[in-house]
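Report on the following structure.
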Amino acid sequence: MIDMKGVHKTYSNGVTALNGVDVHIDSGEFVYLVGPSGAGKSTFVKMIFRGEKPSTGIVKVDNKDLSTYKERHIPRVRRKIGVVYQDFKLLPKLTIYENVAFALEVIEESPKVIRDRVMEVLDLVGIKDKARSFPDELSGGEQQRVAIARAIANNPKVVIADEPTGNLDPETSWGIMKVLEDVNNKGTTIIMATHSKEIVNTIKKRVIAIENGRIVRDEAGGDYGYEV
Amino acid sequence: MKFNTAKRHLREGSKNIFRNGWMTIASIGAVTVTLILVGVFLAVVFNLNKFASNIESDVEMSVYLDPTLAEDQVQSIEGQLESIDKVGSVTYSSKEEQLNQLMEDMGQTEWDLFEQDNPLSDTYTVKTSDPHDIASVSEEISKLDGVDKVDYGQGTVENLFAVNKYARIIGAVLIVGLVFTAIFLISNTIKITIIARSREIGIMKLVGATNSFIRWPFFIEGLLLGVLGAIVPVALVLGGYYYLSNNLTDNISIGFVEILPYAPFAFQLAGILLAIGAIIGVWGSVMSVRKFLKV
């Protein structure tokens, strides 16, 4: 599903975020991405949805080299991938319903399909009754559910979650993890960058640890491995 | 683009007008204020121009004929005058007619004496098609046989033309300057409302929206802002000019003050304001969005 070969990334300010990353992630996997702050986790996930371009190396998603896409076709890459952010990134002036519908409007789905699918995913993340509310009327956990609903609305093959529970209290975090597991159980690949030792050690999945821009550990069912 | 997507853009663009409450009001306010200024100014400048043209079109020359000419020679000069290219109209007035006119104007009867020995000349009054040709035409006419003297108010007329010319240039420069100021002011206000939404534009891109998908609702929104902002100026122009053309002309006794007729001028002016509003609205919003599309 996702392949990286010899990926380096040096930002224009001289900071090297990735320093030779090779990784293969299969379709349907659930992967934790752990490591200290500034180790390159965010850059790693940005590589996958073309939030950043690698300085050298190849990133393949669904067997397609991302560097072959022209700048104006990047939206096509992003439509295959749902992204969930720590700060939710919902559109503040759109209702919950409209936020989720937006992901389907950009792929020009018919209004009927959009209506059905939006209600379906809102139901899936358990927030159907808030469809008419605006983001700032919701709690953090609820907003993150909306973000997940938006990420999965157009049936992407991969969902990337960049510290999805980073802004949430522990109890709410478990609810979000439950939703992500449900999504994963339907066959969607999930890559989740996280700092939560509790989550990683409780819900056992493949763990990839990144330090100083390199993968230092990659084990199935691994531990978080850092003292918090 | 699919029809449903076009409908979606229209819907979103109009919705933004309401959801951005104060920013919308600020933008519409900027459009309204500047367009009122532009409208008033255009009305004044166009009318001054008309006024200047009226004065210019009154410029004419008197061609005094040699008093010794026979009647058929006088006739033949009329033919020669009319055959000159730039001549617009030729009117004949005999020395008797002129004397009568003079006596009527003066209201005195002592002039009767002159009826025996009329010192005046037979005269042709000539207008050129373009008033600016008056000097060259008068020179040409003065060379004709049997023409004694040509008088068009030499000097005064040239001054008049010069004054009008500079007035027109100044008017044009002011209009251009004002329109540019309007464009700058309006597009800046719109830019501010969009900068406030740069984060949203970034989010849309991350969700997989293409640039044109993001741009269209802003296009619609800008168009609506411009048109809504033009409503008050257009109403003011139509109403105000109606009032002026009905009252001003009647009350001012000086005959040559005459403003451009309500139809079609007020409608043309209203159309110009509406067009400026719409174009600037669209331009301002599309240009501002462009900056944030590079995510």
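The values are calculated or read from the model by the stated rules, or taken from the named source; none is laboratory data. Just so it is clear, the model here is predicted, and its values are computed rather than measured. Counting neighbours? That spans all protein chains shown, and the Cβs are built from the backbone with ideal geometry, glycine included.
For every residue, the table says whether it meets (1) assigned to a helix (DSSP H, G or I); (2) within 14 Å of another protein chain (Cβ to nearest Cβ); (3) within 30 Å of B:ASN159 (Cβ to Cβ).
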| position | (1), (2), (3) |
| --- | --- |
| B:THR34 | yes, no, no |
| B:PHE41 | yes, no, yes |
| B:PRO67 | no, no, no |
| B:VAL90 | no, no, yes |
| B:LEU99 | yes, no, no |
| B:MET103 | yes, no, no |
| B:ASN118 | no, no, no |
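Results for (1) touching a helix residue (DSSP H, G or I) at 6+ places or on another chain (Cβ under 8 Å); (2) in contact (Cβ under 8 Å) with a residue 12 or more places away in the chain; (3) in the same structural domain as B:MET23 (by TED's automatic domain parsing), shown as yes or no for each residue.
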site	(1), (2), (3)
B:PHE184	no, no, yes
B:ILE190	yes, yes, yes
B:GLY208	yes, no, yes
B:ASN211	yes, yes, yes
B:ARG215	yes, yes, yes
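Could you go through the range B:206-213 and let me know if any residue there is away from chain A (no Cβ under 14 Å) and hydroxyl-bearing (Ser, Thr, Tyr).
no
Just give me the residues in the range B:158-174 being surrounded by 12 or more Cβ atoms within 10 Å (Cβ to Cβ), aliphatic (A, V, I, L, M) and farther than 22 Å from B:VAL40 by Cβ, in sequence order.
Within the range B:158-174, B:LEU160, B:VAL163 meet the criteria.
Of a type in the set (Gly, Ala, Ser), more than 22 Å from the chain's Cα centre (by Cα) and farther than 26 Å from B:VAL31 by Cα - does that describe any residue in the range B:163-174?
The answer is no, given that none of the residues of the range B:163-174 is of a type in the set (Gly, Ala, Ser), more than 22 Å from the chain's Cα centre (by Cα) and farther than 26 Å from B:VAL31 by Cα.
Checking A:GLU71 against (1) in contact (Cβ under 8 Å) with a residue 24 or more places away in the chain; (2) within 10 Å of chain B (Cβ to nearest Cβ), which single condition isn't satisfied?
Status for A:GLU71: all satisfied but (1).
Got at least one residue in the range A:52-67 being part of a loop (DSSP other than H, G, I, E, B) and farther than 27 Å from A:LYS41 by Cβ?
Within the range A:52-67 (the criterion being part of a loop (DSSP other than H, G, I, E, B) and farther than 27 Å from A:LYS41 by Cβ), the answer is no, since none of the residues qualifies.
One line per residue, one yes/no per condition, for (1) surrounded by 15 or more Cβ atoms within 10 Å (Cβ to Cβ); (2) out of contact with any Asp or Glu (no Cβ under 6 Å at 6 or more places or on another chain); (3) of a type outside the set (D, E, K, R):
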{"site": "B:ILE134", "(1), (2), (3)": "yes, yes, yes"}
{"site": "B:GLU139", "(1), (2), (3)": "no, yes, no"}
{"site": "B:ASP145", "(1), (2), (3)": "no, yes, no"}
{"site": "B:LYS149", "(1), (2), (3)": "no, yes, no"}
{"site": "B:THR156", "(1), (2), (3)": "no, yes, yes"}
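Tell me whether the range A:182-196 contains one or more residues that are surrounded by 17 or more Cβ atoms within 10 Å (Cβ to Cβ) and free of Cβ contacts under 8 Å to residues at least 60 places away in the same chain.
yes
Name the residue that is farthest from A:LYS204 (Cα to Cα), counting only residues in the range A:7-50 that are within 14 Å of chain B (Cβ to nearest Cβ) and touching a strand residue (DSSP E or B) at 6+ places or on another chain (Cβ under 7 Å).
Per the stated criteria, the residue is A:PHE49.
Please indicate, with yes or no, whether at least one residue in the range B:81-98 is under 28 Å from B:ASN164 (Cβ atoms), of a type in the set (Val, Ile, Thr) and either surrounded by fewer than 13 Cβ atoms within 10 Å (Cβ to Cβ) or assigned by TED's automatic domain parsing to the domain that holds B:ARG168 (or both).
yes
Looking only at the range B:1-45, filter to residues that are surrounded by fewer than 19 Cβ atoms within 10 Å (Cβ to Cβ) and of a type in the set (D, E, K, R); which one of those is farthest from B:ILE183 (Cα to Cα)?
Restricting to residues being surrounded by fewer than 19 Cβ atoms within 10 Å (Cβ to Cβ) and of a type in the set (D, E, K, R), the top hit is B:LYS2.
Select from the range B:2-25 the residues that are among the basic types (Lys, Arg) and within 22 Å of A:GLU109 (Cβ to Cβ) and write down the one among them that is farthest from the other protein chains (Cβ to nearest Cβ).
Per the criteria, the residue is B:ARG11.
Filter the range B:194-219 down to residues that are under 14 Å from B:VAL282 (Cβ atoms) and among the β-branched types (Val, Ile, Thr), then give me how many there are.
The number of residues fulfilling the criteria is 1.
Here's a check for you: in the range B:195-225, which residue that is among the β-branched types (Val, Ile, Thr) and part of a loop (DSSP other than H, G, I, E, B) is nearest to the chain's Cα centre (by Cα)?
For the range B:195-225, the residue satisfying everything is B:THR210.
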